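Okay, so here's the structure we're looking at.
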Amino acid sequence: MQQSGIFVVDPVLGSSCTSEYTAVLRNDTSVSVSSKKSSDIVGFATGLLNTLLLQEDFFQSSIWLMVLVNTQESIASFLEKFASDIREADGAFITVDTEFIRENQEIPLLCLVQIATSNTVFIIDPLKVDISFLKPIFEDEKLLKVFHACTQDIEILRIYGINVKNLYDTQFYEMLLSTSDRISYQDIVKKYLDKNLNKNYSTSNWLNRPLSKKQLLYSEEDVLYLRDVYKEQLASIKKINRHDWLLDEMSSFCEKSETSLIPAGDKKVQLFNQLAEWRSNKAIENSVDVQSIARNSLLNDICRKGVSFVRSVRNSRWMTNDVRKEFLKFAEQLTENLEIVKKAPVRNVSVYLLKAILEMKSIENNIAPSLISTTSELEKLSNGNYDVKCLHGWRKEIFGNYALSFLKGELSISLKDSKVILE
């Protein structure tokens with residue numbers, strides 16, 4: 001595991017013919033080196049290395065460049081250095097994180113994009129430069145992008161026209177190694193690297209410019225340590241032969257439409273698609289976030305409850321937003337001729353017993369229960385609907401077969417010494 005002790009910040013990259021690069025060290029020591037070319041990052045790293053190697057304290061340290069990309073000139077430098085890092089790396093991958101602000105924003109405001117290659121941390125400033133130059137990188141299907149808890153990052157990048165391809169989420173994959181559902185970044189770094197991270201800056205004001213040294217160091221930690229976490233985690237998963245268990249799900253993650261909120265094969269999928277398409281077009285037209293027009297939960301309620309629900313919402317006193325009114329008028333037109341048959345949820349005792357079996361198999365296999373199956377799937381199973389994920393692949397092997405045997409009466413569940421026993 002690489003121990004990185006030196007971080008280089010270039011606050012004036014591309015601003016003149018001669019750039020002054022400053023190495024910001026964790027012990028607050030600084031070393032300055034001049035370069036004749038504003039884009040000569042590699043030359044600077046070499047000069048810095050030669051300088052530091054004369055100091056015994058740094059003889060065993062690794063040089064990690066931290067480069068701010070905040071001018072048009074620095075974009076060209078970034079592309080050159082990034083391409084060089086990817087070419088030279090063995091089994092290249094990048095780690096990614098973002099910093100953004102949602103409060104008081106119609107559209108979440110992206111403040112930073114952090115990318116780490118094998119020896120460089122790039123801090124890209126969307127408040128200063130158009131980040132469309134990142135699109136080919138994120139949409140390159142051959143280059144793996146590693147995130148931790150990627151859902152919001154991907155949502156934000158989509159707003160900026162970037163669709164991430166070929167991704168890996170350490171939080172998601174950790175569910176193959178633990179019964180915990182959502183491990184935090186601090187906890188996963190502690191687990192694999194035995195480092196304690198300071199998350200005081202997670203709610204920092206990322207609109208401030210210039211960024212403080214502490215903000216910069218915080219932002220690079222989110223991608224720098226993630227590289228080693230990914231390597232350690234992947235090794236653990238391969239050791240128990242689970243590395244291919246989630247490949248299909250991750251490959252389809254970014255292509256999932258919002259209709260995944262409606263059960264596959266439901267007759268109302270077409271309605272959901274029409275509502276989502278209208279909402280998306282209107283959001284683009286008005287430069288607002290789709291969620292500010294109508295949340296996914298509202299679309300689901302419309303699909304399930306029909307025109308009477310739409311009318312009750314339209315006539316409510318709080319409905320003052322013109323775009324929302326327009327959306328509900330459109331929804332009313334679509335749902336007028338749609339017959340909604342309300343079905344009371346049927347949940348029999350077998351659902352609770354299936355949950356007990358699921359919990360037992362989760363602990364036995366050290367896998368998060370929600371990754372194996374969900375309550376809605378168990379309800380379907382108990383009502384004779386076998387079109388569920390837990391009856392396919394590895395899920396069937398560790399849980400699905402037991403669930404089917406139980407429902408067929410071939411397996412019984414009992415308690416012995418306060419433990420659930422399958423017989």
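Tabulated results
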item	result
Arg242 in contact (Cβ under 8 Å) with a residue 40 or more places away in the chain and in a loop (DSSP other than H, G, I, E, B)	yes
Options Ile162, Ile156, Ile188, Ile137; residue that is without any contact (Cβ under 8 Å) to a residue 60 or more places away in the chain, β-branched (Val, Ile, Thr), closer than 15 Å to Phe78 by Cβ and not in a strand (DSSP E or B)	Ile137
Evaluation of Asn365 against (1) modelled with pLDDT of 95 or more; (2) in contact with a strand residue (DSSP E or B) (Cβ under 7 Å, 6 or more places away or on another chain) (one fails), failing number	(2)
Every pair of residues 6+ apart whose Cβ atoms lie under 7 Å, when the first sits in the stretch 360-381 and is in contact (Cβ under 8 Å) with a residue 24 or more places away in the chain and over 15 Å from Ser350 (Cβ atoms) while the second is surrounded by 20 or more Cβ atoms within 10 Å (Cβ to Cβ) and β-branched (Val, Ile, Thr)	Lys361/Ile372; Ser362/Ile372
Residue within the stretch 145-166 that is surrounded by fewer than 19 Cβ atoms within 10 Å (Cβ to Cβ), in contact with a Leu (Cβ under 7 Å, 6 or more places away or on another chain) and of a type in the set (Ser, Thr, Tyr) present	yes
Test set (1) within 19 Å of the chain's Cα centre (by Cα); (2) not in a loop (DSSP other than H, G, I, E, B) - Ala149 fails condition number	(2)
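The values are calculated or read from the model by the stated rules, or taken from the named source; none is laboratory data. Note that the structure is predicted; figures quoted are calculated from it, not measured. FYI the Cβ positions are ideal-geometry reconstructions off the backbone, even for glycines, and counts take in every protein chain you see.
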